[in-house]
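Here the structure comes first, spelled out in structure tokens, and everything after it is commentary.
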2 protein chains.
Amino acid sequence: MAGHMRIAVDAMGADDAPRTPVAGAVEAVAGDGTDVILVGDRERVERELDSLGVSAELRRRLEVVHAEEVVGMEESAITPMRRKRRSSIRICAELVKEGRAQALVSAGNTGATMISAKMVIGVAKGVDRPGLAAALPNASGWTVLVDVGANVDSKAEQMREFAVMGHFYAQEMLGIAQPRIGLLSIGSEEGKGTDFTRRAYAGVQSTGLRFIGNVEGRDLFNGATDVIVCDGFVGNVLLKSAESLAEMVVGMLRAEIKKSPLSMLGALLMVPAFRHLRRRTDYSEYGAAPLLGLRGGCFIAHGGSNPKAIKNAVRRAVEFCEAGIHEKISNKLADLHATPIPSSIQEPEVQTS
Amino acid sequence: MAGHMRIAVDAMGADDAPRTPVAGAVEAVAGDGTDVILVGDRERVERELDSLGVSAELRRRLEVVHAEEVVGMEESAITPMRRKRRSSIRICAELVKEGRAQALVSAGNTGATMISAKMVIGVAKGVDRPGLAAALPNASGWTVLVDVGANVDSKAEQMREFAVMGHFYAQEMLGIAQPRIGLLSIGSEEGKGTDFTRRAYAGVQSTGLRFIGNVEGRDLFNGATDVIVCDGFVGNVLLKSAESLAEMVVGMLRAEIKKSPLSMLGALLMVPAFRHLRRRTDYSEYGAAPLLGLRGGCFIAHGGSNPKAIKNAVRRAVEFCEAGIHEKISNKLADLHATPIPSSIQEPEVQTS
């Protein structure tokens, strides 16, 4: 079935586009037998393909679709819907909508990608608002965090949808038969948290999935749960702060190592250990964050992605479509719509964690 | 002046109390010439002091105040106000209220400590709600995050108070003449964020302090700002997730190192580098989180604190009181109360980060 999958890659999105997206797409086609549509400035994309010396055989599975415009990293998220209707990201979304591609991958402007996907591809049946998911590494596997920024000012009712999305994502993509789902709060007891989390609790509980109750910030990286549900504001700051902390630690360690020849020798001996650690924590290994709850696949990669990250994102997108995750989410949510969310749980005697 | 400072230390709060708080208090008295009141089960505290072989001279500067009760780590935050009025944490707060101590230090139940401090010591003039601050390390210094969990369901108006608290804390304790203050949001442009952050923006701006606008999760550890203001829910999950991420990385690295003798040798050579990195990032070096906006000092240490963390917390508490930070916060807030908060800034065209 993989041979029939076609993934639209935004050739103009990424800090050093079109170089990285094109190189990543070529790796994906060569490695997995996936077909890719590269969307962007035809001349620049073709030149990039030429410079990579792509064989005629691979070249046949790499279609190029021209896009006159590009949405810059700093432009408003609405740009592809208003001023730049011929932008590469919007055309990617149109290819998915028309069924010419099953999913899109972009390392470009995140907001513009989400808006294009939501408005052009459209929201899946039964879904109120899509959620952006990120897979966070822990010592023994991954924890899926939803939503990491597709929504601002989320409603508590959306947490139920995010739980369903996270459940099927963890089940199908991480191979966890019955994923544990936690609701992010500031205390693990039922009733601990804000008005928002107490209302969300009842909703997540009503899914009938494996809800383990409230989890805390410490559970993001300790493997205590497989899925964590939170609102998009919180998920976004958590994800960005984690990246920033990891960068700081690496930077500090580098500076320390350079202070002494013995440390430098030690670091050399530890290269395999560091490399393996990096592989477990590097976002380029995971590839990209899926926008869940659409009528097609949408994977958003980091602006600083390398070709491997793009290749992995394409691979994830194929697996995602093959697993029929969106259909499963839609079906489950349709069932749930028949189930009203129970009224929120009681407030505990004092609200302090 | 340091000689006249007296700090109440909750001898029963900490995972291995009274051992750690007593040992930390002894170190503080020996090192800094601070007087300490140890509050707890007299017999157990005296026995601990005996086992440490404390000299008669030091012993004179270590008063013991008896407390019949202890609030356990898992008990409700309200316990010292209701069931356990003779608990060590409540008596610590009473000593501060009565002026027998200038500040308290506890590594016990965080919620119970905050409630005791707020209700017994009382809130400083001009302050609506106290805020818990944490100092996060970055490559070149520290960033103060307020609030990390003193409040759930914070109001946007409180962000103005937290900004004032963070300003004076960073100025006096970190020695930053004009601390940069950022408001945590999901996009750096003015107007990016939620309804809450847009309302908070106007409030923080109205302080007349050095407000640099919205900051993002990535700015927690990159040194881009000196103070970050956020609501207590977000601050709490951020702080706990950062601790969890750091623990995961250390655990993974340890596991990697053990896989090969060369890595083990490398790690040995890197011990000084690791040790220095740890010193920069270990919470025991910083000591404790201050609860800001009270009529006296309150420093909350980690439950797993070692004696050095308690000693450092006592030292911070002394510096804090000497610097008159609470008076400065009160005066500034009194001035601001004469200034109405301008109406919130405009919503941008699309709400997606």
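The values are calculated or read from the model by the stated rules, or taken from the named source; none is laboratory data. Note that the structure is a prediction, hence the values are computed from the model and not measured. In this analysis, Cβ positions are derived from the backbone assuming ideal geometry, glycine residues included, and neighbour counts consider all displayed protein chains. Note: accessible area is taken over every heavy atom of the protein model, side chains too, but ligands, DNA and RNA are not part of it. Shrake-Rupley method; radii C 1.70, N 1.55, O 1.52, S 1.80 Å.
Here is how the numbers come out for the structure above:
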item	result
Principal axis dimensions, region A:1-110 - Cα atoms, whole angstrom, descending	38, 30, 19
Kyte-Doolittle mean at least 0.5, axial Cα span of 27 Å or more - DSSP H helices of chain B	B:232-257
Accessible-area order (highest first, 1.4 angstrom probe) of the listed residues A:His337, B:His276	A:His337, B:His276
Beta bridges by DSSP in chain B, antiparallel share as percent, to the nearest 5	25
For the axis carrying chain A to chain B: nearest C-beta residue of A, whole Å	A:Gly266, 2
Entries in B:Lys125/B:Lys311; A:Lys311/B:Lys192; A:Lys258/B:Lys258 that, when Cα-Cα distance is taken, lie over 26 Å	B:Lys125/B:Lys311; A:Lys311/B:Lys192
Fraction of antiparallel bridges per DSSP, the protein assembly as shown only, in percent to nearest 5	25
Inter-chain Cβ neighbour average for residues B:262-268, partner chain, 10 Å	6
Peptides ranked, highest mean first, by Cβ atoms within 10 Å: ranges A:317-329, B:33-45, B:139-151	B:139-151, B:33-45, A:317-329
Heavy-atom accessible area per residue - chain A, 1.4 Å, Å²	38
With all protein chains modelled, accessible area of B:Met252 [1.4 Å, Å²]	20
Total accessible area lost when B and A pair, probe 1.4 Å, Å² to nearest 100	5500
Chain A: most fluctuating residue of A:Ala103, A:Ala28, A:Ala338 per GNM, C-alpha cutoff 10 Å	A:Ala338
Cβ neighbours within 10 Å from other chains - mean over B:129-142	1
Shielding score for B:182-190, defined as the mean number of other chain Cβ atoms within 10 Å	3
Cα gyration tensor of region B:68-220 - equivalent ellipsoid semi-axes, whole Å, descending	32, 17, 15
Percent carbon-and-sulfur accessible area, chain A, ignoring ligands, DNA and RNA, probe 1.4 Å	50
Other-copy label distances relative to A:Ala30, 7 angstrom Cα-Cβ extension, nm	6.4
Which of B:Ala28, A:Gly131, A:Ala8, positive extreme of dipole for the protein assembly as shown (C-beta unit charges)	B:Ala28
Listed residues B:Arg280, B:Arg60, B:Arg85, most fluctuating in chain B (Gaussian network, C-alpha, under 10 Å)	B:Arg60
Alpha-carbon Rg with Dmax, taken over region B:120-182, Å	12.2, 38
A:Leu269 accessible area, assembled protein chains, probe 1.4 Å, Å²	40
20 °C / 1.002 mPa s Stokes-Einstein diffusion coefficient of region B:241-341, Kirkwood radius on C-alpha pairs, µm²/s	127
Qualifying GluC sites (Glu not before Pro) for region A:111-214 [loop in DSSP, other Cβ within 10 Å: at most 13]	A:Glu189
Heavy-atom accessible area ranking, 1.4 Å probe, most first, across B:Glu247, A:Glu75, A:Glu256	B:Glu247, A:Glu75, A:Glu256
Built amide H within the under 5 Å cut-off of A:Gly297, gap 5+	A:Ala103, A:Leu104
Most mobile of A:Arg19, A:Arg83, A:Arg316 in a GNM of chain A (Cα contacts under 10 Å)	A:Arg83
Global geometry of chain B, whether rounded, prolate or oblate, following the gyration tensor of its Cα atoms and the 1.5 cut on a/c	oblate
Region B:215-304: relative contact order in percent, alpha carbon pairs under 8 Å with at least 6 residues between	10
log10 of Debye I(q)/I(0), alpha-carbon scatterers only, for region B:161-264 at 0.13, 0.18, 0.21 Å⁻¹	-0.56, -0.85, -1.07
Helix-only mean residue ellipticity at 222 nm for chain A, each DSSP H run of n ≥ 4 adding -39500 (n - 2.57), per residue, nearest 500	-13500 deg cm²/dmol
Heavy atoms of A:Leu62: accessible area, 1.4 Å probe, square angstrom to 10	0
Cα gyration tensor, region B:68-139 - rounded (a/c under 1.5), prolate or oblate	oblate
Antiparallel DSSP beta bridges within region B:1-157, as percent of all bridges there, nearest 5	25
Alpha carbon convex hull of the protein assembly as shown, volume per residue in cubic angstrom	165
